[in-house]
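Here's the structure, in structure tokens; my notes come after.
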There are 2 protein chains.
Amino acid sequence: MAAIRIAVVGMGKIARDQHLPSIAGNTEFELVASVSPRDPGVEGVANFKSLEALLADGPAIDAIALCTPPQVRYSLAAMALDKGLHVFLEKPPGATLAEVDALEAQAAQTGATLFAGWHSRFAAGVAPAKAWLADRRIDRVSIVWREDVRVWHPGQAWIWEPGGLGVFDPGINALSIATEILPEPFFLASATLSTPANRAAPIAADLAFRSASGTPITMDLDWRQTGPQSWDIVVDTDAGTLRLARGGAVLTLPEGSSEHDDAEYAGLYARFAALVRDGRSEVDTTPFTLVADAFLRGTRVSVAAFDD
Amino acid sequence: MAAIRIAVVGMGKIARDQHLPSIAGNTEFELVASVSPRDPGVEGVANFKSLEALLADGPAIDAIALCTPPQVRYSLAAMALDKGLHVFLEKPPGATLAEVDALEAQAAQTGATLFAGWHSRFAAGVAPAKAWLADRRIDRVSIVWREDVRVWHPGQAWIWEPGGLGVFDPGINALSIATEILPEPFFLASATLSTPANRAAPIAADLAFRSASGTPITMDLDWRQTGPQSWDIVVDTDAGTLRLARGGAVLTLPEGSSEHDDAEYAGLYARFAALVRDGRSEVDTTPFTLVADAFLRGTRVSVAAFDD
């Protein structure tokens with residue numbers, strides 16, 4: 001079959017670090033254009049200042065990968081779907097839930113593929129963790145996601161603005177894993193969101209969820225962690241304890257550990273290709289819904305100002 | 001056909017003012033029990049202290065209407081659906097979006113009817129407004145919902161707590177109408193939520209939405225209104241201006257006005273009966289999603305303390 005001709009829109013760090021190498025490494029895709037208002041683009045392919053310019057004057061394309069900040073993603077995705085193009089949305093899939101629901105409906109009408117990608121779900125330990133948990137009685141789940149925002153998001157002002165998710169930007173990765181591996185749905189019971197006095201978005205959050213059958217799930221998010229970083233999910237079951245560490249890369253079961261090289265974005269692009277070939281969409285908004293529920297129902301507390 | 005044997009759960013003001021008269025006035029329903037931990041119940045039917053007690057020892061029932069505060073609604077609804085009972089959820093349908101999504105999935109599995117009722121959609125002007133707008137070009141929408149919280153929610157502490165919606169408790173009624181009558185979906189662009197210094201939930205909010213094709217929609221919510229109260233939606237179109245006043249009861253079109261007696265809850269129960277007879281569910285979470293998006297993306301400002 002002919003390769004899927006794809007353009008990458010929004011040539012920031014995630015596009016260069018992850019999307020371009022994964023596209024280059026997958027023969028089902030052919031990179032034919034990039035879109036960036038400021039950036040020189042990608043060597044060997046045409047760069048356009050806007051998606052409008054690409055659609056008006058550019059080479060024929062079948063799909064776009066949207067790597068812009070979420071605040072501007074809806075109008076770009078709607079424009080692409082309107083042309084019948086397939087769309088891969090980076091996480092989070094939008095700035096609001098309602099707009100993602102509308103994109104899903106639009107894709108269903110046009111027959112194009114819409115893929116809301118959750119890269120952490122493609123971490124090496126996630127699929128085996130899901131398989132192992134499928135038959136267990138789950139007694140307790142603990143999620144601890146503690147990292148140093150100065151290391152991972154230096155000077156990124158937008159992440160602290162309204163509509164930026166603050167510490168839920170990494171936290172939503174944890175939720176994308178938890179919603180994938182746990183056999184039951186779960187819901188927010190209570191949350192405390194700690195927001196620096198000089199910022200709009202939380203720097204830390206303590207959350208308590210309960211599964212449909214009552215299993216307690218706690219989540220501890222903190223962006224003020226220095227020293228060792230934690231991206232861990234621990235699940236206590238009737239058959240012992242499962243631990244997913246390093247954001248899903250390292251799986252430890254009672255019978256032993258496994259660790260694999262990072263292949264999250266390779267997995268994402270393999271899934272996107274399969275969805276396009278099958279004429280299907282995949283838009284699971286559950287992780288985003290849980291974050292919105294935390295903002296909706298959580299208690300706000302003000303904490304020390306943060307400057308980076 | 002035999003009447004639908006129904007129990008009302010949560011015997012507060014809305015149950016007595018609206019649900020009981022509407023059930024009594026609809027021959028498709030037979031009230032057979034009430035559930036209230038403190039209340040003496042309803043004359044002529046058995047009252048139970050809990051839903052568990054009703055299910056264990058009560059008369060046979062086919063359906064429940066859940067009129068409790070939203071914070072406790074999920075577990076009651078899940079318990080009822082698990083028994084194959086049909087469930088009518090008062091608005092808002094839950095304390096979080098994720099739990100409503102889970103109830104919808106559970107109802108689909110059991111085959112029971114789940115009905116998330118939005119009473120304002122059954123106001124007399126809403127259906128004709130929707131029909132009139134279906135073919136118009138819509139240029140601008142203004143929603144103004146200004147009421148005196150001291151009159152409408154005197155001393156209701158829970159409405160100010162995290163998970164209570166504050167001024168979005170009435171505001172979600174406006175959104176339930178707007179999402180019903182406007183032909184396009186719309187999404188939050190920006191919001192300012194004004195929260196009293198001594199409360200957790202907003203007392204006022206200014207919101208800007210845009211429809212999928214770019215139509216601006218503004219919403220002005222305020223609980224500090226004394227004197228005349230406003231529950232108005234004004235839609236400017238290529239064929240003139242539509243006005244829905246008094247929460248949807250009074251419709252004014254360029255060709256004239258119409259006003260009808262309140263029949264919102266009669267309409268809700270007629271719909272619930274039809275859904276049960278047809279073996280279908282109706283769970284539109286769009287109004288709740290838009291409120292969650294406002295909490296997710298809105299800017300918070302602190303305003304004067306409020307005491308009632």
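Read-outs throughout are calculated quantities, based only on the coordinates presented, and are distinct from any laboratory measurement. Quick caveat, the model's predicted, so the values are computed rather than measured. Methodologically, a virtual Cβ is constructed for each residue, glycine included, from the backbone with ideal geometry; neighbour enumeration extends over all protein chains shown.
Relative to the dominant Cα principal axis of chain B, helix B:264-278 is inclined by about 60°. Label-point distances for B:Asn198 to the equivalent site in the other copies, using a point 7 angstrom along Cα→C-beta, read 3.1 nm when ranked shortest first.
Take A:Gly12, push a point 7 Å out from Cα through the beta-carbon direction, and compare it with the same point in every other copy: 4.1 nm, smallest first.
With contacts taken as Cα pairs under 8 Å and at least 6 residues apart, chain B reaches a relative contact order of 20 percent.
R0 = 45 Å: FRET efficiency of A:Gln71 with B:Val45, Cβ-based, nearest 0.05? It would help to have the intermediate numbers written out before the result.
On the way: r = 53 Å, r/R0 = 1.18.
Given R0 = 45 Å and the Cβ-Cβ separation, E is 0.25.
Taking the Cα centre of each part, how many Å lie between the range A:210-234 and the range A:67-88? Measuring centre to centre over Cα atoms gives 32 Å. DSSP finds beta bridges in the protein assembly as shown, and of those with both partners inside it, around 50 percent are antiparallel.
Could you work out the local net charge near A:Thr195, counting Lys and Arg as +1, Asp and Glu as -1, over the other residues with Cβ closer than 11 Å to its Cβ? It would help to have the intermediate numbers written out before the result.
Values: positive: A:Arg199, A:Arg300, B:Arg300; negative: none.
Net charge in that neighbourhood comes out at +3.
Sorted from nearest, the other copies put their A:Arg136 label points 5.7 nm away, the label point being 7 Å from Cα in the direction of Cβ.
The alpha carbon radius of gyration of the range A:4-116, expressed as a multiple of 2.2 N^0.38 Å, is 0.98.
So if R0 is 25 Å, what FRET efficiency would B:Ala305 and A:Val301 give, r being the distance between their Cβ atoms, rounded to the nearest 0.05? Before the final figure, lay out each step's value.
Numbers: r = 17 Å, r/R0 = 0.69.
Computed FRET efficiency for B:Ala305 and A:Val301: 0.90.
Derived scalar couplings between HN and Hα for the range A:234-241 equal 10, 10, 8, 10, 5, 10, x, 9 Hz in order, rounded to whole Hz, by the Karplus curve 6.51 cos²θ - 1.76 cosθ + 1.60 (θ = phi - 60°), x for Gly and Pro. Any idea what angle helix B:73-82 forms with the longest principal axis of chain B, computed on alpha-carbon atoms, 0 to 90 degrees, nearest 10? Approximately 50 degrees, to the nearest 10. Relative contact order for the range A:4-116: 23 percent, from Cα pairs under 8 Å spaced at least 6 residues apart, divided by residue count. In terms of its alpha-carbon gyration tensor, the protein assembly as shown comes out prolate; a/c meets the 1.5 threshold, and the first ratio a/b outweighs b/c. Computed from label points 7 Å out along Cα-Cβ, the spacing between A:Val151 and B:Arg246 is 6.4 nm. DSSP bridge analysis restricted to chain B gives an antiparallel fraction near 50%, rounded to the nearest 5.
At 222 nm, what helix-only mean residue ellipticity would chain A give, in deg cm²/dmol to the nearest 500, using -39500 (n - 2.57) for each DSSP H run of four or more?
It comes out at -8500 deg cm²/dmol, rounded to the nearest 500.
You can think of it this way: the chain between B:Lys13 and B:Asp236 has 76.6 nm of extra reach, that is 0.36 nm per residue less the Cα-Cα gap. If you wrap the tightest convex hull around every Cα atom of chain A and split its volume per residue, you get 138 Å³.
Could you calculate the FRET efficiency of B:Ala197 with A:Ala60 from 1/(1 + (r/R0)^6), where r is the beta carbon distance between them and R0 is 56 Å, rounded to 0.05?
It comes out at approximately 0.45.
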